[in-house]
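What follows is a short report on a single structure.
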Amino acid sequence: MVYLYIIGNILAHRDYSSGFPAKFIIEKDKIFTENSNLAHGIGELRVDRFEPFPKNPPISKVFREIGLADELGSGMRNTNKYTKLYSGGTPSFDEGDIFKITIPLKSIATSKVGPGSDNVGQGVGQGVGQSVGQSVGQDEAGLQELIIKLISENNKVTKKQIAKATLVSEKTIERQMKKMTNVKYVGRGYSGHWEIMD
């Protein structure tokens, strides 16, 4: 989910007259991007006090029309929200002629698959599944914490929506929720809701 907002930001706010190549780099502990920018200021932007400024209004309008953007500034707010949910960290946004975004990552997002990993000789899909599954097992408490946060924000959130927001399978979410004694579903179907018990 976070990746979509970052890529949307790169496309909607890029200075297309610049020859600077857009960069999207994934490292073990972070994702960072660099993108040419029509700067409206210099320095770090903070979600709690930044004022959105349209850099490419026609492109932003297209993104809103096709449903890939909500409103001006929503990309930064959503990136901040989902980074906190997913990695527990805070993203940084640096305004300048080159706009930079840095997203901290947890090990669950960067599990190694392929040569040099414990998954050599397996199919890529199987290797990814096993590797991520092991990471989820090791970070069970973190995943359960994310589930609680999502439910506290929306007590009608579905397991499918939780799976999408946490980037794991719906079955993984179901297994985790069965283990969680502090969460229960009250009611039936769409009319029901989640409750968190202290």
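Just so it is clear, none of the values below were taken in a lab; they were calculated from the coordinates. Predicted model only: the values in this text are computed from it and were never measured. Here Cβ is always computed from backbone atoms with ideal geometry, including for glycine, and neighbour counts include all displayed protein chains.
Panel order for 86, 16, by other beta carbons found within 10 Å of each beta carbon, from fewest to most: 16, 86. About its Cα centre, the stretch 2-105 has a charge dipole of approximately 220 debye under the convention of +1 per Lys or Arg Cβ and -1 per Asp or Glu Cβ, with nothing else charged. For the residue pairs 30/149; 23/156; 106/171, alpha carbon separations beyond 27 Å are given by 23/156. Other residues lying with their Cβ under 11 Å from the Cβ of residue 12 contribute a combined charge of +4, Lys and Arg counting +1, Asp and Glu -1. Among residues other than residue 104 whose Cβ falls under 13 Å from its Cβ, what is the net charge (Lys/Arg +1, Asp/Glu -1)? For residues surrounding residue 104, the net value is +2. Each Cα pair under 8 Å and six or more residues apart adds its sequence gap; the mean of these over the residue count of the stretch 139-196 is a relative contact order of 36 percent.
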